[in-house]
Amino acid sequence: MAGGKFFNQHEVIARLRGEVVEALPNRLVVETGGGVGYQVLVPLSTYDRLHPVPGGRVTLLTYLHVRENSLVLYGFATAEERDIFLLLIERVTGIGPTIGMAVLSGMPGEEFKRCVVAGDTVGLARIKGLGKKTAERIVLELKDKVGVGETWEASGDATGAPARDAELGLLALGYKQVDARKALRKVLETNAGAEAEELIRLALRSMN
């Protein structure tokens, strides 16, 4: 709650762009202007992709996690990383941000999706902090969601990757698979060359 009003954490601090003040493999401090610096927790995948150094500039997609007595900001280099993180913490029972970050730090996003689709719990369990039971729960609760997205690429369509990423994005926002796919198919009829963010925007407009 802020200023006496409830808010949706998805809508607060959705992106940061600014100068890196402090850079550690799991944490950045980014100054966005006016002397305000945000501490952002990042997975190793984001750190390795951006190679942030003090004095450099970065752009991060972010998620604000609201706890009873604290606010924690998480940052990601790509929409895919953020969407996988959201799927994990919002769609898998008993998984919070700590495990979500461990997954992204433990293997590339494409490998994670491959493991889920293939039911490779052994591969997932190799991620530090996961364990066999958590890996099994991830596969059980995410296999259909990630698997549906992968079929866009399996079709051999050139629009596969953006459509897949758009579908994962809609799932991460809480939309049902059947509704997300129906909306995207309709949008792709006239916007085959659009990128994922544009597809999401058009699909949301279609569904709303």
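The values are calculated or read from the model by the stated rules, or taken from the named source; none is laboratory data. Quantities reported herein were computed from a predicted structural model and do not represent experimental measurements. Quick reminder, even Gly has a Cβ in these numbers, built from the backbone with ideal geometry, and neighbours come from all protein chains shown.
For T78, indicate whether it is of a type in the set (S, T, N, Q), without any contact (Cβ under 8 Å) to a residue 60 or more places away in the chain and under 25 Å from E195 (Cα atoms).
Yes; evaluated as a whole, the condition is true for this residue.
Which one is farthest from C115 (Cα to Cα), of the residues in the stretch 150-208 that are at pLDDT 85 or above and of a type in the set (D, E)?
The residue in question is E189.
Name the residue, out of D179, D165, that is closer than 16 Å to K145 by Cβ, in a helix (DSSP H, G or I) and in contact (Cβ under 8 Å) with a residue 60 or more places away in the chain.
On the way: D179 fails: in contact (Cβ under 8 Å) with a residue 60 or more places away in the chain.
Answer to the check: D165.
From T98, T93, which residue is outside any helix (DSSP H, G or I), in the same structural domain as I138 (by TED's automatic domain parsing) and farther than 25 Å from E197 by Cα? Show your work before the answer.
Details: T98 fails: outside any helix (DSSP H, G or I).
Every option except T93 fails the conditions.
Counting only residues that are touching an Asp or Glu at 6+ places or on another chain (Cβ under 9 Å) and aliphatic (A, V, I, L, M), which one in the stretch 131-149 is modelled with the lowest pLDDT?
V148
Among the residues of the stretch 39-67, count how many are under 27 Å from K128 (Cα atoms) and without any contact (Cβ under 8 Å) to a residue 60 or more places away in the chain.
Looking only at that region, the number is 19.
For residues in the stretch 16-35 being assigned to a strand (DSSP E or B) and out of contact with any Gly (no Cβ under 9 Å at 6 or more places or on another chain), which is farthest from L64 (Cα to Cα)? Please lay out each step first, then the result.
From the stretch 16-35, those assigned to a strand (DSSP E or B) are 16-24, 27-33; that's our starting set.
Narrowing the set further to residues that are out of contact with any Gly (no Cβ under 9 Å at 6 or more places or on another chain) leaves 17, 24, 27.
Details: R17: 15, L24: 19, R27: 14 Å.
Result: L24.
Restricting to the stretch 100-112, name every residue that is over 15 Å from D48 (Cα atoms) and buried (at least 21 other Cβ atoms within 10 Å of the Cβ).
So in the stretch 100-112, the residues over 15 Å from D48 (Cα atoms) come out as 100, 110-112.
Once the filter is applied, which keeps residues that are over 15 Å from D48 (Cα atoms) and buried (at least 21 other Cβ atoms within 10 Å of the Cβ), the stretch 100-112 yields G100, F112.
Tell me, which residue of the stretch 182-208 that is touching a helix residue (DSSP H, G or I) at 6+ places or on another chain (Cβ under 7 Å) and outside any helix (DSSP H, G or I) is surrounded by the most Cβ atoms within 10 Å (Cβ to Cβ)?
Restricting to residues being touching a helix residue (DSSP H, G or I) at 6+ places or on another chain (Cβ under 7 Å) and outside any helix (DSSP H, G or I), the top hit is A194.
In the stretch 101-119, which residue that is aliphatic (A, V, I, L, M) and assigned to a helix (DSSP H, G or I) is farthest from the chain's Cα centre (by Cα)? Break it down stepwise before answering.
First pass over the stretch 101-119, keeping only residues aliphatic (A, V, I, L, M): 101-104, 107, 116-118.
If we keep only those that are assigned to a helix (DSSP H, G or I) as well, we get 101-104, 116-118.
Values: M101: 10, A102: 13, V103: 11, L104: 9, V116: 15, V117: 17, A118: 20 Å.
Among those that are aliphatic (A, V, I, L, M) and assigned to a helix (DSSP H, G or I), it is A118.
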